[in-house]
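Written out below as structure tokens is the structure these notes cover.
Every number here is computed from the coordinates shown, using simple stated rules; none is lab data. Fair warning: this is a prediction, and the values are worked out from it, not measured in the lab. With ideal geometry, Cβ positions are generated from the backbone for all residues, glycine too; neighbour counts draw on all protein chains shown.
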Ligand code: A3P
């Protein structure tokens with residue numbers, strides 16, 4: 001039997017098994033060897049029980065805010081870089097490890113039965129995300145929100161302009177969504193980021209490769225916007241959350257904002273900031289037509305998927321498919 005120094009051994013190992021260069025963090029509580037070497041003050045209870053996975057611009061901040069109002073639900077602490085979103089599973093934060101992730105959640109007290117959760121809207125379309133979530137949080141429930149994909153793309157484009165994205169400021173929405181493969185690289189990248197999340201069925205199917213459909217729920221974002229009380233009631237049932245929180249008393253339509261907001265006092269509401277519910281001109285006909293054509297096959301797949309999973313087909317999806 002012969003061995004070599006640890007560093008060389010490591011290098012040799014990863015040369016032989018390049019697929020293992022990127023770590024996959026498993027669930028510490030599922031492995032007794034891990035538990036045995038874990039510090040006593042650590043607990044899997046400090047990991048989220050459910051995730052709101054997006055995609056962006058579908059009403060994820062409203063859902064996050066409404067969930068955080070619930071006395072039995074606890075949201076993650078904000079991140080200095082990405083605000084309310086932790087964005088652990090999708091980017092380079094993943095390599096910071098489980099301890100880094102757990103610092104975003106309160107240490108549970110013995111008697112605590114709180115439901116910890118986080119919302120990171122870019123998890124939805126991330127290729128590696130379902131596999132990583134499955135490894136660390138195999139029992140987590142997943143919440144997806146969908147709105148008409150073209151409307152989502154348009155909202156996202158205006159979000160990028162509001163954030164001074166140079167490419168979004170340089171090109172019209174029509175130019176972005178119709179960019180071809182010979183278009184400049186930054187324009188193609190923007191087009192992909194704008195359109196890709198709206199291919200809902202493709203992304204949901206990827207999540208379903210790793211999770212049973214009983215662990216995932218799809219919310220119609222138009223219902224969340226127009227009737228959040230019903231959506232929040234249904235969501236509490238899906239998550240088996242107790243005590244039941246009666247949102248009727250805590251959410252009210254605010255005429256000035258044009259959206260439902262949190263009731264603070266009898267005659268006072270707290271709405272989301274100016275970045276949510278932005279005012280921009282309506283989409284024109286050629287933009288709407290280009291989006292309808294682009295999303296046609298993805299919407300057909302979405303209708304089939306929703307029917308298979310026994311969801312009612314959203315009215316906007318039926319309209320889009322006509
Ligand atoms: P617009 O700003 O384009 O209208 P996200 O939080 O995922 O980025 O989604 C933002 C979108 O949430 C907003 O897009 C808005 O239409 C929608 N939304 C749904 N319910 C809302 C609410 N109660 N308050 C503000 N925006 C809400």
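Quick notes on this structure:
- Taking the alpha carbon gyration tensor of segment 94-207, multiplying each eigenvalue by 5 and rooting it gives semi-axes of 34, 16, 14 Å, largest first.
- Estimated inter-spin distance, residue 213 and residue 170, nm [label 7 Å along Cα→Cβ]: 4.4 nm
- Principal semi-axes in Å for segment 165-322 [√(5λ), Cα gyration tensor, largest first]: 32, 24, 15
- At 1.567 mPa s and 4 °C, Stokes diffusion of segment 253-322 via Kirkwood alpha-carbon radius, µm² per second: 84 µm²/s
- Among 274-286, 307-319, the peptide with the highest mean count of other Cβ atoms within 10 Å heads the list, and the full ranking is 307-319, 274-286.
- Cα-based values for the chain, radius of gyration first and Dmax second, are 21.6, 79 Å.
- The eigenvalues of the Cα gyration tensor, multiplied by 5 and square-rooted, give segment 1-132 an equivalent ellipsoid with semi-axes of 32, 20, 11 Å from largest to smallest.
- Most to least packed among 4-12, 242-250 [average Cβ atoms within 10 Å]: 242-250, 4-12
- For peptides 147-159, 97-109, sequence by mean Cβ density within 10 Å, most packed first: 147-159, 97-109
- Relative contact order of segment 84-164, defined on C-alpha pairs under 8 angstrom at six or more residues apart (%): 36 percent
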